[in-house]
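Worksheet for the structure shown next.
The values are calculated or read from the model by the stated rules, or taken from the named source; none is laboratory data. Treat the numbers as computed from the prediction; the structure is a model and nothing was measured. FYI the Cβ positions are ideal-geometry reconstructions off the backbone, even for glycines, and counts take in every protein chain you see.
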Amino acid sequence: MLDKLLNLIKGNSKEAVIDNPVIPNAKNNAAVESAGSSILGTLQKAIADGDVQGVLAYFKKHAIGSASGSHDPIVKKATNDYSQSLQQDLNLSEKDASTVAEKVIPASMSQLAAKTVDPNDDSFSMQDIFSKLSGGKSDKINFQQMLKNFDGGKLDHNLDGVVDAKDLKSMFTGDDGVVSKIKGFLK
């Protein structure tokens, strides 16, 4: 999976990294690998911090076509981490590092999510991603099924990317809620 991710990042790095004079050619691979580490590290930290729901919501937003790109908190964190890494490891200025990171990370993460949720694209799977991020500890959990439960509003009725009390309330109220359906039977 890591090789596939690095190839995806390389595809999004031509202008920002490979053709960029502020990054020496000898450091191009290091810059691409750093982007991969930033993406995986951000996702891994979110899961380790208990934000599995936030990670699933990020992928779900791509499944329903409402991805927020660089405004998503997970993307912002990965972008900032990558920028910091470029400053520290490649001695780029803050401005140059931010410019590179803002071109590479949102595009790469968007493609990763889109490919992961696309049933016609088997280059990435939710299961493989979570297995990699958890060091194999999540192999028995079916994350693809969890994403499907989010998808289509099965659990996330208000499609805000979070299954919470608001969704529970909307299951019982509103035009398509249980209360409304029961009223329909009583008429």
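So, in the stretch 1-36, how many residues would count as being closer than 21 Å to A114 by Cβ, surrounded by fewer than 16 Cβ atoms within 10 Å (Cβ to Cβ) and either under 14 Å from the mean Cα position of the chain (by Cα) or of a type in the set (D, E) (or both)?
Going through the stretch 1-36 one residue at a time, the tally reaches 2.
Looking only at the stretch 61-88, count how many residues are part of a helix (DSSP H, G or I) and either at pLDDT below 95 or closer than 19 Å to D51 by Cα (or both).
Total satisfying the criteria: 15.
In the list A78, A101, which residue meets the criterion of being among the small types (G, A, S) and farther than 13 Å from I23 by Cα?
After applying the criteria, what remains is A78.
Of the conditions (1) closer than 19 Å to S34 by Cα; (2) modelled with pLDDT under 75, V104 clears all except one; give me its number.
Here V104 meets the rest and fails (2).
Within the stretch 75-82, can one find any residue that is in the same structural domain as S138 (by TED's automatic domain parsing), closer than 29 Å to S138 by Cα and either touching a residue at least 60 places away in the same chain (Cβ under 8 Å) or of a type in the set (F, W, Y) (or both)?
Yes.
When the stretch 82-104 is examined, which residues are found to be in contact with a Lys or Arg (Cβ under 9 Å, 6 or more places away or on another chain) and either under 16 Å from T42 (Cβ atoms) or hydrophobic (A, V, I, L, M, F, W, C) (or both)?
Hit for the stretch 82-104 is L90, nothing else.
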